[in-house]
Amino acid sequence: MGFFKMAGTAFTNLFRKPATLMYPVRPAKRFPNSRGTLTIEFEKCILCGICQKKCPSYAIEVDKTEKTWKIDRIRCISCGSCTDWCPKKCLHLDNPYTAPVTSEFKDTTREQHTGA
Ligand code: SF4
Ligand code: SF4
């Protein structure tokens, strides 16, 4: 019984359109309500450190002495807490297209504050 059911499914699928997407030949669909990736407008940041304190996953590091603002993207869960609390409204959750990569890597991108 199981064999016939499986054979039937396999036969039917021969005449169906592929269930997979032609990514990256065709860009992956992005959903308008997804929260996306955290971005910062460095020039507006005053290095107050509130985003670091309000981040539940300890993804942000702010060093006022070194004048740096860093994020560990592996830790970020796109919760939006930092964007809500930032007094300068310089943090945003955007939904940009992310280009595919050809080798395995961990996104531990850390961004340097370049403002004063
Ligand atoms: S809360 Fe905003 S202004 Fe303060 S350190 Fe974070 S990004 Fe900069
Ligand atoms: S979006 Fe949430 S998890 Fe990501 S850095 Fe901001 S507070 Fe942390």
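The values are calculated or read from the model by the stated rules, or taken from the named source; none is laboratory data. Note that the structure is predicted; figures quoted are calculated from it, not measured. Cβ: placed from backbone, ideal geometry, glycine included. Neighbour counts: every protein chain shown.
Only one residue in T12, T83, T20 is hydroxyl-bearing (S, T, Y) and within 16 Å of ligand 2 (Cβ to nearest atom). Which one? Walk me through how you get there before you give the answer.
On the way: T12 fails: within 16 Å of ligand 2 (Cβ to nearest atom); T20 fails: within 16 Å of ligand 2 (Cβ to nearest atom).
None of the others qualify; the one that does is T83.
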Test result for S34, more than 9 Å from ligand 2 (Cβ to nearest atom), small (G, A, S) and within 16 Å of the chain's Cα centre (by Cα):
yes
Positions within region 1-44 being more than 30 Å from E61 (Cβ to Cβ), among the hydrophobic types (A, V, I, L, M, F, W, C), surrounded by 10 or more Cβ atoms within 10 Å (Cβ to Cβ) and modelled with pLDDT of 85 or more, in sequence order:
M6, A7
With respect to P56, determine if the residue is out of contact with any Phe, Trp or Tyr (no Cβ under 8 Å at 6 or more places or on another chain), within 9 Å of ligand 2 (Cβ to nearest atom) and assigned to a loop (DSSP other than H, G, I, E, B).
yes
Among the residues of region 71-105, what is the count of those that are without any contact (Cβ under 8 Å) to a residue 40 or more places away in the chain, over 18 Å from G49 (Cα atoms) and not in a loop (DSSP other than H, G, I, E, B)?
0
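Looking only at region 25-43, decide whether some residue is within 16 Å of ligand 1 (Cβ to nearest atom) and aliphatic (A, V, I, L, M). Break it down stepwise before answering.
Filtering region 25-43 for residues within 16 Å of ligand 1 (Cβ to nearest atom) gives 37-43.
Now restrict to residues that are aliphatic (A, V, I, L, M): 38, 40.
Scanning region 25-43 turns up at least one residue that is within 16 Å of ligand 1 (Cβ to nearest atom) and aliphatic (A, V, I, L, M).
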Could you go through region 11-34 and let me know if any residue there is under 30 Å from T102 (Cα atoms), in a loop (DSSP other than H, G, I, E, B) and touching a strand residue (DSSP E or B) at 6+ places or on another chain (Cβ under 8 Å).
no
